[in-house]
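Chemist: Take this structure, written in C-alpha cells, and hold onto it; I'll ask about it next.
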Amino acid sequence: MANDKKDDKRFKATTPGKRFLKLAGMSATITKNLTTHKLKGLFADEETQQKNQEKLYADIGQQIAQTLGEMKGAVMKVGQIASQLKDMLPKEVASALEVLQKESPPMPFPMIRRQLIKALGDTPENLFARFDEVPFAAASIGQVHRALTKEGVECVVKIQYPGVKESCDSDLKHLKRLLKLAGLVKVSAEVMDKTFDEIRTMLYEELDYKHEAENLKLFGDYYRDHPYIRVPELIENLSAETVLTLTLVEGDRLQDVKSQRYSQETINLIGYHIFETFGKQIYELRAVHSDPHPGNFAFRPDGTIIIYDFGAVKKIPEETIAKLRSLVADAVAGNVDTIDQHMINIGVRQPNGEAPSPEYYHEWMDIVMQPFQSYESFDFAHTNLHRRAIGKVKRDGLKYMGSFQPSAETLAVNRVLTGHYWTMVDLGVKASFRPLIDEIVLKKTA
C-alpha cells in the first residue's frame with residue numbers, strides 16, 4: 001500500500017501548474033550541470049573534457065527520459081520524436097531517449113482504475129470477465145491493459161491518462177521554451193515552432209478517441225480479408241471518449257524481429273510490405289496512418305504486419321495526390337529543371353525566396369531518390385543517406401533559409417516516410433522499392 005501511494009504521488013503532476021514546476025526543475029538541473037561542466041573544462045585536458053562531456057550528455061538524456069516518461073502526454077511525445085533526430089542531438093542524449101520509443105513507466109493501477117470508472121460508469125471487475133492490472137503497454141497519452149469480455153473475447157483496453165488533454169497546450173509551450181534554454185536541439189526557432197505546431201495538432205487528434213474509433217472502422221473495412229495486414233476491431237459497448245476496447249491481435253515487436261528471430265528473407269519481405277502498405281494508403285486510400293512510432297506495429301514470421309493506434313490519421317486531398325505523383329514522376333525521370341515548380345506547388349518552396357540552382361536539386365534527388373531509382377535491392381543496413389541529408393542541410397541551410405518552409409499539405413506524408421525509413425534502417429532491410437513506385441505512384445502496368 002505504501003508503494004502504491006508513492007507511485008501515485010510520482011505521477012501526480014496532472015495540472016498545468018504542477019507540470020510546469022516539474023519541467024522547470026528538470027531544466028534548472030540541466031542548466032546547472034552544463035555550467036559546472038564548462039567550468040571543469042577550463043582545467044582539464046582535451047581527452048578528459050571529451051569523457052566528461054559524454055558522461056554529462058548521457059546523464060542529461062537519462063534525466064530527460066525519466067522526467068518525460070513520468071509526465072506522459074505532450075512532453076513525452078516530443079521526447080519520442082526527439083529520439084528519432086539521431087543526427088541533430090548529442091548521440092548520448094538521443095540514445096537515452098530511445099527508451100521512450102520502446103516503453104515508458106506505467107501509471108499506477110489505482111489511477112487507471114479511476115479513469116476507467118469515470119469513462120464507462122462501472123468497475124473493471126463488473127465490466128469484464130478478467131482485467132489485468134499490469135499494463136500490456138504504456139505510451140505517451142495512455143496505456144493498454146489486456147482483458148477478457150463477458151462474452152469470452154480476448155481484448156485490450158486503451159485508457160487515456162488523466163489531465164493530458166487539459167495540459168497539452170501549456171506542456172508544449174513550457175517544454176519548447178526549456179529546450180531552447182538548454183540548447184540541446186540545434187534547429188532554428190522557426191523549425192522548432194512549426195515542429196511543435198505539428199505535434200499539437202497530432203496530439204489533439206490522438207486525444208479524440210471517438211475520432212480514432214471512426215478511423216478504426218475506415219481501416220478495418222479497407223483491410224478486410226487483406227493477405228498480410230491485420231487491424232484490431234472496436235468493441236463499441238466497452239468504449240467511450242477516453243477508453244477504447246479492441247480485439248486482441250498479437251504479433252512480435254520490432255526488437256523481436258531484430259534479435260535474430262527472423263531470417264533476412266523475412267525481414268526483406270516485411271520491409272517491402274511496409275512500403276507497399278503506406279504507399280497504397282497515401283495514393284489509393286488517401287488516408288494514411290501517420291504515427292510511425294515502432295510501438296504502433298507488430299509483425300509475424302509470414303510477413304504479416306499488425307497496425308495499432310489509429311489516433312493519428314491524415315486524410316489527403318486528391319489534388320495533393322496529383323501534385324505528389326507529378327513530383328515523383330519527374331524525380332524518377334531525373335527532370336531536375338521541373339523540381340523547383342513542384343516544390344512551390346506543394347507549399348515547400350517560398351515563391352518569394354531565392355530560387356535554388358539545378359545543381360542544388362540534383363544533389364537532393366541523388367540523396368532522396370537513391371532507394372527508389374534502381375530495380376536492384378537497396379541495403380538500408382549500411383546506408384548513409386540520413387548523414388548526407390543532415391550534412392546538406394547544415395551546408396546550404398543559411399543560404400536558402402528564406403526559400404523553404406514545412407508545408408502543412410505534406411507534413412504527415414514526410415513524417416510517415418521519415419519514420420519508416422528509420423524502421424528499414426533498424427531492421428536492416430535489403431529490398432528494391434522501384435517496382436512499387438511504378439505500380440502505386442506512376443501507375444505503370446507490367
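Chemist: For the range 358-409, give me each residue that is touching a helix residue (DSSP H, G or I) at 6+ places or on another chain (Cβ under 7 Å) and among the β-branched types (Val, Ile, Thr).
Modeler: Result: 367, 383.
Chemist: I've got another one for you. Return a yes/no flag: does the range 411-428 have any residue that is in a helix (DSSP H, G or I), farther than 30 Å from residue 200 by Cα and of a type in the set (Phe, Trp, Tyr). Can you show your working first?
Modeler: First pass over the range 411-428, keeping only residues in a helix (DSSP H, G or I): 411-427.
Within this subset, residues satisfying the condition of being farther than 30 Å from residue 200 by Cα are none.
There is no residue in the range 411-428 that is in a helix (DSSP H, G or I), farther than 30 Å from residue 200 by Cα and of a type in the set (Phe, Trp, Tyr).
Chemist: A further question follows. Taking into account only those residues within the range 252-272 that are touching a residue at least 24 places away in the same chain (Cβ under 8 Å) and not in a helix (DSSP H, G or I), which is surrounded by the most Cβ atoms within 10 Å (Cβ to Cβ)?
Modeler: Step by step, filter the range 252-272, then rank; the result is 262.
Chemist: Go over the candidates 340, 379, 366 one by one and state the one that is in contact with a Gly (Cβ under 9 Å, 6 or more places away or on another chain) and assigned by TED's automatic domain parsing to the domain that holds residue 279.
Modeler: Exactly one of 340, 379, 366 is in contact with a Gly (Cβ under 9 Å, 6 or more places away or on another chain) and assigned by TED's automatic domain parsing to the domain that holds residue 279, namely 379.
Chemist: What do you reckon, is residue 234 free of Cβ contacts under 8 Å to residues at least 40 places away in the same chain, in the same structural domain as residue 125 (by TED's automatic domain parsing) and surrounded by 15 or more Cβ atoms within 10 Å (Cβ to Cβ)?
Modeler: Working: free of Cβ contacts under 8 Å to residues at least 40 places away in the same chain: yes; in the same structural domain as residue 125 (by TED's automatic domain parsing): yes; surrounded by 15 or more Cβ atoms within 10 Å (Cβ to Cβ): yes.
Answer is yes for this residue.
Chemist: Within the range 197-205, identify whether any single residue is surrounded by 20 or more Cβ atoms within 10 Å (Cβ to Cβ) and at pLDDT 90 or above, and answer yes or no.
Modeler: Looking for residues that are surrounded by 20 or more Cβ atoms within 10 Å (Cβ to Cβ) and at pLDDT 90 or above, one finds none in the range 197-205, hence no.
Chemist: Separate question: What residue, among those in the range 324-370 that are acidic (Asp, Glu) and within 21 Å of residue 414 (Cα to Cα), is surrounded by the fewest Cβ atoms within 10 Å (Cβ to Cβ)? Break it down into steps so the answer makes sense when it comes.
Modeler: Going through the range 324-370, the residues acidic (Asp, Glu) turn out to be 330, 337, 340, 354, 359, 363, 366.
Now narrow it down to the ones that are within 21 Å of residue 414 (Cα to Cα): 330, 340, 363, 366.
On the way: 330: 17, 340: 18, 363: 17, 366: 14.
In this case the residue turns out to be 366.
Okay, residues lined up against (1) modelled with pLDDT of 80 or more; (2) at negative phi; (3) outside any loop (DSSP other than H, G, I, E, B):
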{"residue": "134", "(1), (2), (3)": "yes, yes, no"}
{"residue": "144", "(1), (2), (3)": "yes, yes, yes"}
{"residue": "147", "(1), (2), (3)": "yes, yes, yes"}
{"residue": "152", "(1), (2), (3)": "yes, no, no"}
{"residue": "158", "(1), (2), (3)": "yes, yes, yes"}
{"residue": "162", "(1), (2), (3)": "yes, yes, no"}
{"residue": "165", "(1), (2), (3)": "no, yes, yes"}
{"residue": "175", "(1), (2), (3)": "no, yes, yes"}
{"residue": "179", "(1), (2), (3)": "no, yes, yes"}
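Chemist: Please find, within the range 101-159, the residue that is nearest to residue 294 (Cα to Cα) out of those that are in contact with a Lys or Arg (Cβ under 9 Å, 6 or more places away or on another chain) and of a type in the set (Phe, Trp, Tyr).
Modeler: Here the residue is 136.
Chemist: What pairs come up if the first residue lies in the range 48-63 and is in the same structural domain as residue 23 (by TED's automatic domain parsing) and without any contact (Cβ under 8 Å) to a residue 12 or more places away in the chain, the second is in a helix (DSSP H, G or I) and not hydrophobic (A, V, I, L, M, F, W, C), and their beta carbons are under 6 Å apart, counting only those six or more places apart or on different chains?
Modeler: Note: pairs meeting the criteria are 49/41.
Chemist: While we're on this one: Please enumerate the residues belonging to the range 331-359 that are under 29 Å from the mean Cα position of the chain (by Cα) and assigned to a helix (DSSP H, G or I). Give the steps one after another, and end with the answer.
Modeler: Initially, the range 331-359 is screened for residues under 29 Å from the mean Cα position of the chain (by Cα), giving 331-332, 339-340, 342-350.
Residues satisfying the conditions are 331, 332, 339, 340, 342, 343, 344, 345.
The values are calculated or read from the model by the stated rules, or taken from the named source; none is laboratory data. Because the structure is predicted, anything quoted here is derived from the model rather than measured. Cβ coordinates were reconstructed from backbone atoms using ideal geometry, including for glycine residues, and neighbour counts include every protein chain displayed.
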